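Q: There's a structure below that I have some questions on.
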Amino acid sequence: MAIVLSGRKFAKVVRLSLKKRVGQLEGPPPGLTVIMVGDDPASKVYVGAKERACKKVGFNSNVISLPLETSEEELLELVDSLNEDVSVHGILVQLPLPDHISVHRIASSVLPEKDVDGFHPVNVGKLWRGEEGLFPCTPSGIVALLKHHKIQMVGRNALIVGRSNIVGKPMAALLLRENCTVTIAHSRTTDLKELCAKADILVVAVGIAEMIKSDWVKSGSVVIDVGMNTDAHGKLVGDVDYEDVFDSCSAITPVPGGVGPLTIAFLLENTLKARVSALFGNR
Ligand code: GUN
């Protein structure tokens, strides 16, 4: 029998706190600009949700939609102009980008102080060095959710399944900062089941529907499911078989309503952080 770690409920708490802090700000509200290239349907949904979330907490938000044929040069010029614009505190370039645009080059073009995704090499370096900075939203939300539920991290074995730059790698760095003993597994890992059996905290971000079953997880462990897949019936499911694993672990995030809502809540947190840094002239 597990406790359900509801990201939906926690995101509400975070939004209320954000609204209060925005109300106490002097000067203009935090401003987020989202750039979308092309019309990927999933990206449209995410970008719409980001815009609505900004409005709810009193942020200014602006979405710039560019055609699929936009060149890398044109996108870099746009990012440059937003870097210069003092009313823009956060810049997010929605992924995926078309193949002719380098994600790394774009991520490196956003001013680190406005990089609310935490993808710029300066912020990645700060994350691993244990410095203050802007860090990726989903892993930041997961650590905050664990803290909110007073889940002990110090000294515990954390296994992260997945090594993406958006979730897996920054998740490892953040859990290391919380003094977990961290292992990263990936598609070439040969003993995944054995590693899962030793994990006190298991974070799964692989994109394979219901891959993790009850006989994989350590009894009493904490299971964080970052997956968003559709099963054969078109139902949204995670990377963890929720029903099966529920009785084996001590805490688990559901899908939907688990990690998903945290990503946007922590994008707003990063935007407020960027705005406050600008206020104190850290830019
Ligand atoms: N596409 C899916 N997730 C993300 C994210 O966290 N940031 C950006 N920029 N694009 C995404």
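The values are calculated or read from the model by the stated rules, or taken from the named source; none is laboratory data. Quick caveat: nothing in here was measured; it's all calculated off a predicted structure. Glycine also receives a Cβ, built like all others from the backbone with ideal geometry; neighbour counts cover every protein chain displayed. Each accessible area value is taken on the protein alone, full model and side chains, heavy atoms only, with ligands, DNA and RNA left out. Shrake-Rupley method; radii C 1.70, N 1.55, O 1.52, S 1.80 Å.
Q: What does DSSP give for the chain in terms of the percent of beta bridges that are antiparallel, rounded to the nearest 5?
A: If I count the DSSP bridges inside the chain, around 5 percent turn out antiparallel.
Q: Filter Lys50/Lys235; Lys12/Lys44; Lys44/Lys235; Lys19/Lys55 down to the pairs with a C-alpha to C-alpha distance above 18 Å, please.
A: With Cα atoms farther than 18 Å apart: Lys50/Lys235; Lys12/Lys44; Lys44/Lys235.
Q: Can you send over the carbon and sulfur percentage of the accessible area for segment 10-166, probe radius 1.4 Å, protein chains only?
A: 55 percent
Q: What's the extension gain from Glu194 to Val4 if we count 0.36 nm per residue and subtract their Cα-Cα distance?
A: Once the chain is fully extended between Glu194 and Val4, it gains 65.9 nm.
Q: Run lengths n ≥ 4 of DSSP H only: what is the helix-derived mean residue ellipticity at 222 nm for the chain, with -39500 (n - 2.57) per run over all residues, to the nearest 500?
A: -12500 deg cm²/dmol
Q: Cα axis of helix 137-148 to longest principal axis of the chain: angle in degrees, 0 to 90, nearest 10?
A: 60 degrees
Q: Using a simple spin-label model with points 7 Å from Cα along the Cα→Cβ vector, what separation in nm is obtained for Gln24 and Glu132?
A: 1.6 nm
Q: If you don't mind, another one. Under 10 Å, Cα contacts only: if you run a Gaussian network model on the chain, which one of Gly220, Gly27, Gly155 comes out with the highest mean-square fluctuation?
A: Of the options given, Gly27 has the highest mean-square fluctuation.
Q: What number comes out for accessible area per residue over the chain if the probe is 1.4 Å? Units Å², please.
A: 48 Å²
Q: Which residue, Pro170, Pro67, Pro121, has the most motion in a Gaussian network model of the chain that connects Cα atoms within less than 10 Å?
A: The residue that fluctuates most here is Pro67.
Q: Any idea how far the Cα center of segment 110-155 sits from the one of segment 208-283, in Å?
A: After rounding, the separation between the Cα centres reads 15 Å.
Q: How much length would be gained if the chain were fully extended between Arg177 and Asp39, taking 0.36 nm per residue of separation minus their Cα-Cα distance, in nm to one decimal?
A: Full-extension gain reported as 46.0 nm.
Q: Based on the mean of other beta carbon atoms within 10 Å per residue, what is the order of 261-268, 158-165, most packed first?
A: Per-residue mean Cβ counts within 10 Å order the peptides as 261-268, 158-165.
Q: First measure r as the distance between the Cβ atoms of Asn157 and Lys213, then evaluate 1/(1 + (r/R0)^6) with R0 = 22 Å and state the FRET efficiency to the nearest 0.05.
A: The value I calculate is 0.70.
Q: With the Cα gyration tensor of segment 1-120 giving a ≥ b ≥ c as the square roots of its eigenvalues, does the rule (a/c under 1.5 for rounded; else a/b larger than b/c for prolate; else oblate) give rounded, prolate or oblate?
A: Oblate, because a/c is 1.5 or more while a/b does not exceed b/c.
Q: Can you work out the FRET efficiency for the pair Leu76 and His186, with r the C-beta to C-beta distance and R0 = 35 Å, to the nearest 0.05?
A: 0.70
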